[in-house]
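See structure below.
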Amino acid sequence: MRWGDMDAYGHINNVQIVRMLEEARIAAFGPPRGAGLPGVEPPVSLFNDVAEGIMALVVEHKVRYVRTLEYRNIPAVVEIWVGAVKGASFELHYVMKDPVTREDCVKATTHLAFVDEATGRVLRLTPEQKQRLEEYRAV
């Protein structure tokens, strides 16, 4: 958490929460078109393994603020897992916890799809992508 993430009430601002979810997603699955820090590979190499001209795009976010996340000078805890894997899209689920109390503060879902940059068309997931995602799917 950063000092600038707070709102006027001392809580982490809702917009910053979505940014923190993005950071958790990239840490878990890799940045688009890059390996990130030298020597640091994501646990699931998914976004950085797509071919040139393919974008991993957010289709929808659902965010439920269970309780306020107070500013702490330490990172929040974010659990992330794969939800539904469909023909051309998939869901990532998150629970963000207060790093001190471990109470759930945010429950969220991000629906993603791979899109051809030139045509704007959504692409079907490859069997390899589906297999990689299924390994991290909660039952």
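Each value in this text was obtained by applying a stated rule to the coordinates, not by laboratory testing. Remember, predicted model here, so these are calculated numbers, not experimental data. FYI the Cβ positions are ideal-geometry reconstructions off the backbone, even for glycines, and counts take in every protein chain you see.
List of remarks:
- Separation of the residue 26 and residue 103 label points, Cα + 7 Å toward Cβ, nm: 3.0
- Rounded to the nearest Hz, the phi-derived 3J(HN,Hα) couplings of region 85-90 under the Karplus curve 6.51 cos²θ - 1.76 cosθ + 1.60 (θ = phi - 60°) are 10, 10, x, 10, 7, 7, where x marks glycine and proline.
- Label-point separation in nm, residue 67 to residue 86, each point 7 Å along Cα→Cβ: 3.4
- For region 83-139, projected area of the alpha-carbon convex hull averaged over all directions, nm²: 5.2
- Difference of contour (0.36 nm per residue) and Cα-Cα distance, residue 128 to residue 8: 38.6 nm
- For residue 123, distant residues with modelled amide H under 5 Å away: 114, 115, 116
- The charge dipole of region 59-139, taken about its Cα centre with unit charges on the Cβ atoms of Lys, Arg (+1), Asp and Glu (-1) only, comes to about 160 debye.
- Each peptide in 72-82, 91-101 was scored by the mean count of other Cβ atoms within 10 Å over its residues; highest first, the order is 91-101, 72-82.
- Whole-Hz couplings from phi, Karplus 6.51/-1.76/1.60, listed for region 56-68; x for Gly and Pro: 9, 10, 6, 8, 7, 10, 10, 10, 10, 8, 6, 8, 5
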